[in-house]
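**Q** Can you read through this structure? Questions will come right after.
The values are calculated or read from the model by the stated rules, or taken from the named source; none is laboratory data. Owing to the predicted nature of the structure, the values given are computational and were not obtained by experimental measurement. We place every Cβ from the backbone using ideal geometry, glycine too, and count neighbours over all the protein chains shown.
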Amino acid sequence: MSKASDYIPGLGTDFKITSNDIDVNEVAAALPQGEGSGGVDKEYVDTALAGKANTGVSYTKAESDGKYPVKAHTHAIADVTNLQTTLDGKAASSHTHTIANVTNLQTTLDGKLTATKAATQAASTATDVAGLLADFNALLTKLKAANIMS
């Protein structure tokens, strides 16, 4: 009988066995037969199983639905432990807050640019790059003076 090592040279992964490579009689002779011998044959297994009861549990759909919840089902709020208490502690999906209810909101808003923070900058009327540069620098100066830029 051929050995697996005949088909796996070194660390190779090819492993091929055909029915011609297996001598069924040699394998059968190598296995002990019958009860108490540590080995069994098909006849022994068939005989042993014939006297056994089918212990697999099976239910009809109606029985199963009566024992286990169906996939899509509902529960009353009262059926779920602490659900109503937990829901009572949540905010309504539609609600409002005052500015004072939000941490640092007023401070953050005060730091935003407003029309009164920066001096008015007239629209540029520059007709060349030098004029545009002057208008841009004037805007930067006003933004820095308003502490909007450093």
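**Q** Name every residue in the stretch 100-115 that is modelled with pLDDT of 85 or more, surrounded by 10 or more Cβ atoms within 10 Å (Cβ to Cβ) and either of a type in the set (A, V, I, L, M, F, W, C) or within 33 Å of the chain's Cα centre (by Cα) (or both), in order of residue number.
**A** Val102, Leu105, Leu109
**Q** Take the residues in the stretch 37-79 that are at pLDDT 80 or above and among the aliphatic types (A, V, I, L, M), then tell me which one is surrounded by the fewest Cβ atoms within 10 Å (Cβ to Cβ).
**A** By that ranking, first place goes to Ala72.
**Q** Right, next: Between residues in the stretch 88-116 that are assigned to a loop (DSSP other than H, G, I, E, B) and residues that are at pLDDT below 90, which pairs lie under 6 Å by C-beta distance while being six or more apart or on different chains?
**A** Between residues of the stretch 88-116 that are assigned to a loop (DSSP other than H, G, I, E, B) and residues that are at pLDDT below 90, the close pairs are Leu113/Ile148.
**Q** Moving on. Please go through the stretch 80-99 and give me each residue that is at pLDDT below 90 and of a type in the set (A, V, I, L, M), ordered by number.
**A** Ala91, Ala92
**Q** Between a residue in the stretch 120-133 that is farther than 22 Å from Ala146 by Cβ and any residue that is surrounded by 10 or more Cβ atoms within 10 Å (Cβ to Cβ), which pairs come within a Cβ distance under 7 Å, given they are 6 or more apart or on different chains?
**A** Here the result reads Ala126/Leu132; Ala126/Asp135, each pair linking the stretch 120-133 to a residue that is surrounded by 10 or more Cβ atoms within 10 Å (Cβ to Cβ).
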